[in-house]
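Note sheet for the following structure.
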2 protein chains.
Amino acid sequence: MKISERNLIDIISKGSLKRARGLLCGIGDDAAVIEAGEGRAWLISTDALFEGVHFDLGYTTPKKLGRKSLNVNLSDIAAMGGVPKFFLVSIGIPKTIDEGFVKSLYASMAECGREHGVELIGGDTSSSKSDLVISVTIIGEAKSGSVVFRSGARSGDSIFVSGMPGFSALGLEMLKRRIKKPSMFIEKHLDPTPQLKLGKWLADTGIVNSMIDVSDGLILDLDRIAQCSKVGYIVEIDKIVKDKKFDEVAGKMRLSREELILSGGEDYSLLFTVGKRNRSKFLKLLKQEKSFCDTIYEIGRITDASTKKAVDSKGRTVKLPKLGFDHFL
Amino acid sequence: MKISERNLIDIISKGSLKRARGLLCGIGDDAAVIEAGEGRAWLISTDALFEGVHFDLGYTTPKKLGRKSLNVNLSDIAAMGGVPKFFLVSIGIPKTIDEGFVKSLYASMAECGREHGVELIGGDTSSSKSDLVISVTIIGEAKSGSVVFRSGARSGDSIFVSGMPGFSALGLEMLKRRIKKPSMFIEKHLDPTPQLKLGKWLADTGIVNSMIDVSDGLILDLDRIAQCSKVGYIVEIDKIVKDKKFDEVAGKMRLSREELILSGGEDYSLLFTVGKRNRSKFLKLLKQEKSFCDTIYEIGRITDASTKKAVDSKGRTVKLPKLGFDHFL
């Protein structure tokens, strides 16, 4: 029997107790949020990478895999507007993996940790019968008042996305077709960058009212914001990305540009919303931030819950592909 | 190439940064300890169960497996003297597992959580190519001053253990030999109980100077205390357990009583030390605690680092079996 990730999250949520003391947010956001006193909050999240599901040892290296294991978790902290502090690693190692691989994996996690000021503080090591499994738990910190949840979007909000959704999915397709030449798309897939500075900056503006990282596809992750906020959305596909190289490579590979953009996973961009009356203030603040301003696109608006669609430049509805990337489908 | 767990912990520790601000204890104890302000500390630990390594779906049920996944983590909090608060679950589900199994697994984790006042606050769900993997992260709390580490044992200390080491290993042997009839040994293996009340009580006495839970075998875990504390030990094997039924079943199965006791894993007893000058005070306090006093045995003493041995009632050295249960050997 097949289990969809959404089903599973329903099962898990039902099993959960009512909200405990000190818990500001439990299941259903990028990270759980726990009150830490003195106006601070802890952010805690866990994400595992499974061989044959999230990575293929024929495509990646221990160095890139170590970085990615940590970076996908750092991205969850970015999506809440927090600062990451500590991480733990639970690893299952099959007989096919040697000590050199493991050393390189941990060295690259430590290196990646140093880049972001995050320390490895514990974990668990085990053998695994078949597949390599790397499960990371990340602990971050934020001011209680400035944590950004998935649930704050309101009808009329503008939707923004950072970076180029679809790049990672294009890179994965290239790897699957054994295209070996260096490519920024492949690089984006194997070694994604968590948007920690941007996430913190967005939270600090005080006017970003919902946020998520694009891990499973633009539409699927936007749909998560919509579900949590009880709203709908219209995405203007032509506003998302205009990258000549992307269009050229996708075209040559006979891949649908729209499908890559709307349902490609693992970009770890940030997708967020800003209320109507704060929009011009936000655009003004953004203009002053030279490191971010050229990488953020306004791609649509939040509507009431009855509308969920993407349109092209002429306002025609673009067929929504299956809802992004579900690890169970 | 084979990797020993000890090797791996060395690799991991080397990759770690120097101690971060607010970190009271990183890699190398049952849980990491982070300062939480106002004299409190957070305890964080992660432990994964891998199909074919830690459990066999032919032996266990989703209900028992769910409980065990959480309980082995609760045991890490018990071993630090803390109170568990929250947990996260990262799960990898192969195609062979159906939705009913997953529902039952999560329901039993939630039930077990309720028993201990612990709430599920997040996690990650994925498919897995081959094996079922359940990785749990536990978050607990304690007074900063009363956390008990592995590193506090001193020469001359008395060594104590709670419960009956070896019961779980005997149960596992029974399962492997397809012995189906109900048995407390099998029950102990499939559904172990974390010693949370005992761990907290021991920490609150203020005179227990080192502690660990017996997850990988009495001698291996005692050796971890010895390594962290830079000391040695003499274990008096005949003082450990005198259980007629245990001796009878082990005898019938032609298993070495000593080997089961010294190197059997997964009992989740607590192993701890008390300084020479606090010994009688401790025994007096213990006598007043009717719920614990009959389940705690004084089994030896801490020596300087040059001695590491087990002896029988006549003082003869008992051969130490290979150092307990290493998931890599």
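Every number in this text was worked out from the coordinates using simple rules, so none of it is lab data. Quantities reported herein were computed from a predicted structural model and do not represent experimental measurements. Note: ideal-geometry Cβ built from the backbone for every residue, glycine included; neighbour counts use all protein chains shown.
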- Message: Just want the ordering: A:V136, B:V235, from fewest to most Cβ atoms lying within 10 Å of their own Cβ.
- Response: B:V235, A:V136
- Ranking of B:H54, A:H189 by count of other Cβ atoms within 10 Å, fewest first: B:H54, A:H189
- Sorted shortest first, the nm distances from the A:D294 label point (7 Å along Cα→Cβ) to its counterparts in the other copies are 7.7
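How high is the relative contact order of the range A:150-318, given as a whole-number percent (alpha carbon pairs under 8 Å, six or more residues apart)? Present the calculation step by step, with values, prior to reporting the outcome.
On the way: 324 pairs, mean separation 73.6, N = 169.
Once divided by the residue count of the range A:150-318, the mean separation gives 44 percent.
What pairs from B:K64/B:K309; B:K180/B:K290; A:K197/B:K95; A:K245/A:K319 go past 28 Å between their alpha carbons? Walk me through the numbers before you get to the answer.
Working: B:K64/B:K309 36 Å; B:K180/B:K290 34 Å; A:K197/B:K95 39 Å; A:K245/A:K319 24 Å.
Cα-Cα > 28 Å for B:K64/B:K309; B:K180/B:K290; A:K197/B:K95; rest within.
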- Task: Shortest first and in nm with one decimal, please list how far the B:D204 label point sits from its counterparts in the other copies (point 7 Å along Cα→Cβ).
- Result: 4.4
- Going through the range A:112-190, which trypsin sites (Lys or Arg not before Pro) have at most 14 other Cβ atoms within 10 Å and a DSSP loop state? A:K129, A:R177, A:R178, A:K180
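How high is the FRET efficiency between B:D294 and B:D238 when r is their beta carbon distance and R₀ equals 22 Å, given to the nearest 0.05? Walk me through the numbers before you get to the answer.
Details: r = 18 Å, r/R0 = 0.82.
Here the calculated transfer efficiency is 0.75.
Evaluate peptide B:36-44: per residue, the Cβ atoms of other protein chains within 10 Å of its Cβ; return the mean as an integer.
Working: counts 5, 4, 2, 0, 2, 0, 6, 1, 8.
That average works out to 3.
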- Item | Residues with amide H under 5 Å from that of A:R40, placed H, sequence gap 5 or more | A:S144
- Item | Shielding by other protein chains, A:86-98, mean Cβ within 10 Å | 5
- Which distances in nm, rounded to one decimal and ordered from shortest, link the label point of A:V311 to the equivalent label points in the other identical copies, with labels set 7 Å from Cα toward Cβ? 8.8
- Among A:I44, A:I97, A:F87, the residue whose Cα sits farthest towards the positive end of the charge dipole of the range A:30-101 (+1 at Cβ of Lys and Arg, -1 at Cβ of Asp and Glu, taken about the Cα centre) is A:I97
- Straight-distance crosslink candidates among lysines, where the alpha carbon sits under 16 Å from A:K176 and sequence neighbours closer than 8 are dropped: A:K188, A:K252
- Would you please give the FRET efficiency between B:E38 and B:A305, computed as 1/(1 + (r/R0)^6) with r the Cβ-Cβ distance and R0 = 45 Å, to the nearest 0.05? 0.75
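Could you work out, residue by residue across A:131-139, how many beta carbons of other chains sit within 10 Å of that residue's beta carbon, and then give the average as an integer?
Details: counts 8, 0, 10, 1, 13, 5, 13, 1, 6.
Whole-number average of other-chain Cβ neighbours for A:131-139 is 6.
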- Query: By DSSP, what percent of the beta bridges with both residues in the range A:150-318 are antiparallel, rounded to the nearest 5?
  - Reply: 85
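Work out the FRET efficiency for B:A107 and B:L283 from their Cβ-Cβ distance, taking R0 = 51 Å, and round it to the nearest 0.05.
Details: r = 42 Å, r/R0 = 0.83.
That pair, B:A107 with B:L283, gives E of 0.75.
In the range A:18-82, which GluC sites (Glu not before Pro) fall in coil by DSSP and have 11 or fewer other Cβ atoms within 10 Å? Don't jump to the answer; show the numbers that get you there.
Numbers: sites: A:E35, A:E38, A:E51; in loops: A:E38.
Of the GluC sites (Glu not before Pro), the ones in loops of the range A:18-82 whose Cβ has at most 11 other Cβ atoms within 10 Å are A:E38.
Only sites in a loop by DSSP and with at most 13 other Cβ atoms within 10 Å count here; which trypsin sites (Lys or Arg not before Pro) in the range B:204-295 make the cut? Show your work: numbers first, answer last.
Values: sites: B:R224, B:K230, B:K239, B:K242, B:K244, B:K245, B:K252, B:R254, B:R257, B:K276, B:R277, B:R279, B:K281, B:K284, B:K287, B:K290; in loops: B:K230, B:K242, B:R254, B:K290.
Passing sites in the range B:204-295 are B:K230, B:K242, B:R254, B:K290.
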- Pairs of Cα atoms under 8 Å, at least six residues apart: use those to get the relative contact order of chain A, whole percent. 22
